[in-house]
Amino acid sequence: MSFIADKQTLEDLNLLGKYKQHSIFSLFNKVQTTGGERLLSKMFENPMTDHEAINSRSTLINYFENKQISFPFSNEQFSFMENYLSGSSAGNYPVTLLNMARKKLLAAIVRDEEYPKIQSGLQHSLEVLQQCKIFINQLSDQQQQHPFFAELLVAKNILNDPRLPATAVQIATQSSLGQVAKNDHLLRHTMRSGLTTVMETFYQLDVYIAVAKLAKEKDFSYAKALPKDNHLLNAVELRHPNIEKAVANPVSLHQERNMVFLTGANMAGKSTFMKSFGINVYLAHMGFPVAAKEMIFSVKDGIYSSINVPDNLDMGYSHFYAEVLRVKKVAEEVNKEKNLVIIFDELFKGTNVKDAYDATLAVTAAFSAFRNCLFIISTHIIEAGVVLQQQQPNIQMLYLPTVMNGNIPTYTYRLASGISSDRHGMMIIVNEGILEMLK
């Protein structure tokens, strides 16, 4: 089963999108090749729910981080070869030879460009394949067995095929028509499948080396995945991966304490903390490095968030009704006995204080009963937290403090136990001189 993260969650956490500002994908997208970028995108779109597969990938990336290997190829090299190999070739050599003779004749008579392009593509591809062979030999010499050994061995055996030319002969100027036809048929027909495997292996190398390099630069770590029936998540110094010098916080959730009820002032950092948590949960299920000193987690079936829920004017939905529908969607998924991570930022902020209190109290208590799921719920309705603290022992009460510097509020961004008592909204309004403007 695939890890679940719907469109709302992906947007809340800004996970996908090559061109989206500050997206997590763009943070990791340091690959050299278009094929590597395609593979990276596929990984981002398909987090895993198998703890062994997750640990296998994280071990693999960690291996390349420790080796500090550079990817010695450019996008132009692989794109040129990929375009060449994607071209058609006849099913047998005699037909290939006849077609090649016709193209060479057209090149001589009417300066048709197809035959020179084949010559150039063939020579370039042979040169890249020989560089690939050298690189694989270097990796193989470093260690007899390593996490990527089996994949490299397959590619190495393909590149050692005796039918491939030992050197990249000067196809463009020296090779005969017969040699061009023979090698073109070899690469684009006989060995096409094997050479495609080689390219895919190098796209994997591109991704793993790029991600490993980022992990080292950012001081990320590798989360350990456990089977889903453990129902826990522990993280030390967890932070937002896309914020420089981000303040880190611990997180500990398990069946006996499976919910965090988070309070604090508007600018105290609640949303950033919740996004940090959600992003790292997602990265951990990809087997990618996480922004934490340590992290151990049992795999979940998916993650749902409600952080930036928009209204829908076309359908006549107010902001409050959109919030209600989002909560309903999550309730339906939780009720299916799925093991989920749930993030609600400011429940029911689109309605009046009395309804928000009643709804926050009732919905939070009801969700907390699902001990197989992990929840972080934030609110300004601190009165609901007081009641929940007395009634629901599995709910952790945490808050992000405000420290007053005279009349100026400052924020630590560090979690503290308890329920916030901060009420500085009016002070901020006064500090901004709004009332003075209106006199």
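The values are calculated or read from the model by the stated rules, or taken from the named source; none is laboratory data. Note that the structure is a prediction, hence the values are computed from the model and not measured. Cβ placement follows ideal geometry from the backbone for every residue including glycine, while neighbour counts extend to all protein chains displayed.
Matching residues to (1) of a type outside the set (Lys, Arg); (2) over 30 Å from residue 86 (Cα atoms):
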{"residue": "192", "(1), (2)": "no, no"}
{"residue": "206", "(1), (2)": "yes, no"}
{"residue": "212", "(1), (2)": "yes, yes"}
{"residue": "253", "(1), (2)": "yes, yes"}
{"residue": "258", "(1), (2)": "yes, yes"}
{"residue": "267", "(1), (2)": "yes, yes"}
{"residue": "274", "(1), (2)": "yes, yes"}
{"residue": "279", "(1), (2)": "yes, yes"}
Fill in: Breaking point among (1) on the phi < 0 side of the Ramachandran plot; (2) modelled with pLDDT of 95 or more, for residue 107
(2)
Fill in: Answer from 228, 270 - the residue that is surrounded by 24 or more Cβ atoms within 10 Å (Cβ to Cβ), in contact with a strand residue (DSSP E or B) (Cβ under 9 Å, 6 or more places away or on another chain) and basic (Lys, Arg)
270
Worksheet entry | Residue count, region 17-55 (criterion: closer than 20 Å to residue 219 by Cα and either more than 15 Å from the chain's Cα centre (by Cα) or modelled with pLDDT of 95 or more (or both)) | 11
Practice prompt. Please indicate, with yes or no, whether at least one residue in region 393-400 is β-branched (Val, Ile, Thr), surrounded by fewer than 19 Cβ atoms within 10 Å (Cβ to Cβ) and in the same structural domain as residue 297 (by TED's automatic domain parsing).
Written response: no
Discussion item. Kindly evaluate residue 363 against the criterion of being at pLDDT 90 or above, assigned to a helix (DSSP H, G or I), over 24 Å from residue 307 (Cβ atoms) and of a type in the set (Val, Ile, Thr).
Written reply: no
Practice prompt. Could you check, for region 268-285, whether at least one of its residues is assigned to a loop (DSSP other than H, G, I, E, B), under 20 Å from residue 238 (Cβ atoms) and of a type outside the set (A, V, I, L, M)?
Written response: yes
Worksheet item: (1) out of contact with any Cys (no Cβ under 9 Å at 6 or more places or on another chain); (2) part of a loop (DSSP other than H, G, I, E, B): which one isn't true of residue 343, the others all being true?
Response: (2)
Worksheet, complete the sentence: Inside region 384-410, the number of residues satisfying the requirement of being within 19 Å of residue 345 (Cβ to Cβ) and modelled with pLDDT under 90 is 3
Practice prompt. From 187, 238, grab the single residue that is in contact with a helix residue (DSSP H, G or I) (Cβ under 9 Å, 6 or more places away or on another chain), crowded, with 19+ Cβ neighbours inside 10 Å and in the same structural domain as residue 164 (by TED's automatic domain parsing).
Written response: 187
Discussion item. Which numbered condition in (1) closer than 20 Å to residue 215 by Cα; (2) surrounded by fewer than 20 Cβ atoms within 10 Å (Cβ to Cβ); (3) of a type in the set (A, V, I, L, M, F, W, C) is the only one that residue 54 fails?
Written reply: (2)
Item to complete: Determine if region 279-298 includes at least one residue that is modelled with pLDDT of 95 or more, over 22 Å from residue 60 (Cα atoms) and within 25 Å of the chain's Cα centre (by Cα).
Response: no
Discussion item. Need a quick list: helices (runs of 4 or more DSSP H) entirely within region 67-166 having at least 1 residues that are of a type in the set (Asp, Glu) and over 30 Å from residue 210 (Cα atoms).
Written reply: 114-142
